[in-house]
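Just so it is clear, none of the values below were taken in a lab; they were calculated from the coordinates. These numbers come from a predicted model, not from an experiment. Cβ placement follows ideal geometry from the backbone for every residue including glycine, while neighbour counts extend to all protein chains displayed.
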Amino acid sequence: MVGTDWAAESHSVVGLPQLGKSARKIGVIDYIQKGGLLMWPILGCSIIAIAVFAERLFYFHRATIHVGEFLKGLSNLIRRRNFAEALHESAGTSGPVARVIHAAIIRHDAPRAELRDIVQEAAQLEVPKLERFLPVLATIAFLTPLLGLLGTVAGMIDAFGTIASSGGYATVTELSSGVYKSLLTTAAGLVVATPTFVAYSYLSSRVNTMLHDMERAGIEIVHMLTESRPIRGIISFQQPDETAREIEARQD
């Protein structure tokens, strides 16, 4: 008998991890089913938020360059007036900073004020690309807690509906379904909204950093292009006929 009891106990102890593992596998699906219909929109919002965050991370990873080193390499080319190679370098580099610099180098002979306007317009065109899909994350961060709150209200309505249908008397078991449903939707909404808001804040900081890099690159490239121009003498600003008349007057 002792051997039989020990074997039964050992079998039950060995089976505990297996039951726990199977419970973990069906836990998420079970929570979604018990949470009601509003759990599915919350789940869809979480999938969209993950996809947007991954896409933006990949975009910023490709678009980020070391601005100081890039400008240092271009300054040597611009100082030698080698604009063809400078255009090739800027065109071959991905990212909004390189595109702003490329737009300025194309019009390197323009006046300083015009170059400044060109840089500003090129930077403004890059802003929508940087902020793409960020409003989606902000919307999800604000929407999912509201969906969870709506689920809470729906669960409490079910609970009080049960009380009303039973003439004012209901057991804890009868009320637990509605209360459990309300708690699940609230928790799910907060679980999705919290990391989504953190992701939105992080990506917004990356956008601000990129805007600062574009502003810095625009200022420095305008300075490089204007400083690299050859210094013209005073005689070159005079008309040819005026110069000839001055020479004749001096000879007389």
Open item on the list: Apply the Karplus curve 6.51 cos²θ - 1.76 cosθ + 1.60, θ = phi - 60°, to the phi angles in the stretch 72-82 and return the couplings in whole Hz, x for Gly and Pro.
Closed with: 5, x, 5, 4, 5, 5, 5, 4, 8, 6, 8
- [ ] Enumerate the calculated ³J(HN,Hα) couplings along the stretch 188-199 in order (Karplus 6.51 cos²θ - 1.76 cosθ + 1.60, θ = phi - 60°), each rounded to whole Hz, writing x wherever the residue is Gly or Pro.
- [x] 5, x, 6, 5, 7, 5, 5, x, 5, 5, 5, 5
- [ ] At 0.36 nm per residue, minus the direct Cα-Cα distance, what do residue 50 and residue 212 gain on full extension? Give it in nm, one decimal, please.
- [x] 55.7 nm
Open item on the list: Compute the orientation-averaged projected area for the stretch 64-195 from the convex hull of its Cα atoms and round it to one decimal in nm².
Closed with: 12.1 nm²
Task: For the stretch 214-228, Karplus couplings with θ = phi - 60° (6.51, -1.76, 1.60), whole Hz, Gly/Pro x - done: 5, 5, 5, 5, x, 5, 6, 6, 5, 5, 5, 5, 6, 6, 7
TODO: Name all residues of the stretch 30-58 having a backbone nitrogen under 15 Å from the label point set 7 Å from the Cα of residue 202 along its Cα→Cβ direction, giving them as ranges.
DONE: 49-58
- [ ] Be a star and scan the stretch 60-100 for residues whose amide nitrogen sits under 11 Å from the point 7 Å along the Cα-to-Cβ vector of residue 125.
- [x] 99-100
